[in-house]
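These notes concern the structure reproduced below.
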Amino acid sequence: MDPIIQCLGISHNTAEVALREKFAFAENGSADLLRRTQKHLALTELVVLSTCNRVEFYFTSTNPSDWMLDRLISSHAGLSMAEIGSSLYRLIDPQVARHLFRVAAGLDSSVLGEPQILGQVSHAYQAALQAGTVGKTLSRLFQGAIHAGKRVRSETDLGRNSTSIPSIAAQMASEQFNSVSDVNVVLLGAGEMAELAIEALRKRGAQNIQVINRSLAGACQLADRWQGEAGTLERLAAALQHADLMITSSSAPHALITREMVAHSMRLRPRRPLTIIDIAFPRDVEPAVDEIPGVRLYDLDALNQDLDEGLNARLREVPKVEAILAQELERFKEYLRSVEAAPLIVQIRDHAEEIRLRELERGLKRLEGLSEEQKAQVSTLTQSLVNKILHHPTTCLRGVAGTGDHELYAEVARELFGLHPEHTSDGSNALEAECPR
């Protein structure tokens, strides 16, 4: 049985961030996952896409309903299947390609057309390539999705009026204060999300910015670019006492800001409120922090599309995006059809080539006096004839590949070309009968 393309995932469409973050994978998680699952499952390829909106496992397997994979995912999350419930979804074959193409285009993001997702899909694919967990099928799938996403970016305005989660966070922050120019801003993390957050805050007039990061070099690099201050995690408690606004976006696998830490800071500044916007995945801030008086805590699910002023303009681009995705999906389906039909087509062509060479040798023996150039011309003529004869049958086989008629057409082709063992044991077949000696 040929491997089946599948996707097992959880996303913002099916679960809140509190559940999604339990599934989050480190960048090197795909290689480790494949090593562990190969003992139990027939997984031939694997790509893990882990973002703030989704954690999805794209894989090929000969088993379309393998309960062991469900159990493995629930074990990784530390939850039972009963606790996960309907939040976990499984897609098979055609559904997988359509879903991934929509993801790469930005149609399945919490912020329609958000610009980061295409890079995240590409990064997931590259990570799988480096880990050696991806083969021809998923490579073609992800290459197709990335190509479709690039076409959407260049041929439509879906991303032109788009925003990002950091910019929405900055907009939310500006609504919490009369002016952000006098607000003491602390950013936890120094990656792309922090960079986008600083840029958005600067546009709104923020002046006092401090970057806290595990690596001092990373903090300094970002802070220097935006004329801010830099510090390591050792200064996190002091930064909390100083901050009016904190935006967190670290890549830590667990919460860095605890309820006790924030409560202690608030006791030292009883009359100064604190706004924390946590855009990290998994979250940087314990949810219980929201219970502390004077603290307003927002997470990813709180940054909704109502803050997105360009949404209506991007919605008008969706039909154009869908048309592009339909074209790219058809190209991917053609590839799958060609893969399914390829072995039989190769067998037919190899069989025909064997007959051509045998008959060419016999014919040239009868045609005495031909020069080497003339013999080459005769050989080229026979090649052209065979190619023209086989063009329509092989095109037809590719066309029905992947449909319910494929096996019927394949069986008929084997019979017509004499590819059954009982017809080829003595070297005679139906095609040879059409070649007079």
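One residue stands out among those in the range 305-318 that are under 23 Å from the mean Cα position of the chain (by Cα) and either modelled with pLDDT under 75 or outside any helix (DSSP H, G or I) (or both): the one that is farthest from residue 284 (Cα to Cα), which is 317.
The set of residues in the range 368-384 that are in contact with a helix residue (DSSP H, G or I) (Cβ under 8 Å, 6 or more places away or on another chain) and either polar (S, T, N, Q) or closer than 19 Å to residue 351 by Cβ (or both) comprises 379, 382, 383. Only one entry of 238, 200, 206 meets the criterion of being in contact with a Leu (Cβ under 9 Å, 6 or more places away or on another chain) and either modelled with pLDDT of 90 or more or buried (at least 18 other Cβ atoms within 10 Å of the Cβ) (or both), and that entry is 206. Tell me, yes or no, whether the range 143-166 has at least one residue that is open to solvent by less than 30 Å² (accessible area, probe 1.4 Å), outside any helix (DSSP H, G or I) and closer than 30 Å to residue 72 by Cα. No - not one qualifying residue is present in the range 143-166. For the range 82-95, residues that are in a loop (DSSP other than H, G, I, E, B) and either hydroxyl-bearing (Ser, Thr, Tyr) or surrounded by 17 or more Cβ atoms within 10 Å (Cβ to Cβ) (or both) total 1. From 338, 379, grab the single residue that is of a type in the set (Ser, Thr, Tyr) and modelled with pLDDT of 85 or more. Answer to the selection: 379. Only one of the numbered conditions (1) part of a helix (DSSP H, G or I); (2) open to solvent by 30 Å² or more (accessible area, probe 1.4 Å); (3) not acidic (Asp, Glu) is violated by residue 369, and that is (1).
One residue stands out in the range 206-218 among those that are aliphatic (A, V, I, L, M) and assigned to a strand (DSSP E or B): the one that is farthest from residue 237 (Cα to Cα), namely 209. Filtering the range 253-272 for residues that are within 18 Å of residue 196 (Cβ to Cβ) and either modelled with pLDDT of 90 or more or not hydroxyl-bearing (Ser, Thr, Tyr) (or both) leaves an empty set. Within the range 178-195, restricting attention to residues that are part of a loop (DSSP other than H, G, I, E, B) and of a type in the set (A, V, I, L, M, F, W, C), the residue that is farthest from the chain's Cα centre (by Cα) is 183. Beta carbons closer than 7 Å, at least 6 apart along the sequence or on distinct chains, pair a first residue in the range 355-370 that is touching a residue at least 60 places away in the same chain (Cβ under 8 Å) with a second that is not in a helix (DSSP H, G or I) for 355/435; 359/435; 362/437. Screening the range 184-197 for residues that are open to solvent by 10 Å² or more (accessible area, probe 1.4 Å) and in contact with a Gly (Cβ under 9 Å, 6 or more places away or on another chain) and picking the one that is farthest from residue 231 (Cα to Cα) gives 192. It is to be established whether one or more residues within the range 253-275 are surrounded by 15 or more Cβ atoms within 10 Å (Cβ to Cβ), of a type outside the set (A, V, I, L, M, F, W, C), under 23 Å from residue 52 (Cβ atoms) and touching a residue at least 24 places away in the same chain (Cβ under 8 Å). Looking for residues that are surrounded by 15 or more Cβ atoms within 10 Å (Cβ to Cβ), of a type outside the set (A, V, I, L, M, F, W, C), under 23 Å from residue 52 (Cβ atoms) and touching a residue at least 24 places away in the same chain (Cβ under 8 Å), one finds at least one in the range 253-275, hence yes.
Only a single criterion out of (1) more than 19 Å from residue 284 (Cα to Cα); (2) assigned to a loop (DSSP other than H, G, I, E, B); (3) in contact (Cβ under 8 Å) with a residue 24 or more places away in the chain is not satisfied by residue 221, namely (2). Of the candidates 112, 107, 100, 79, the single residue that is outside any helix (DSSP H, G or I), under 26 Å from residue 21 (Cβ atoms) and at pLDDT 90 or above is 107. Any residue at all in the range 242-251 that is under 28 Å from residue 10 (Cβ atoms), open to solvent by 30 Å² or more (accessible area, probe 1.4 Å) and touching a residue at least 40 places away in the same chain (Cβ under 8 Å)? Yes.
The values are calculated or read from the model by the stated rules, or taken from the named source; none is laboratory data. A quick note: this is a predicted structure, and the numbers were derived from the prediction, not measured. When we count neighbours, we look across all protein chains shown, and the Cβ atoms used for this are built from the backbone with ideal geometry, even at glycine. Remember, those area values only see protein heavy atoms, side chains included, never the ligands or the DNA or RNA. Shrake-Rupley method; radii C 1.70, N 1.55, O 1.52, S 1.80 Å.
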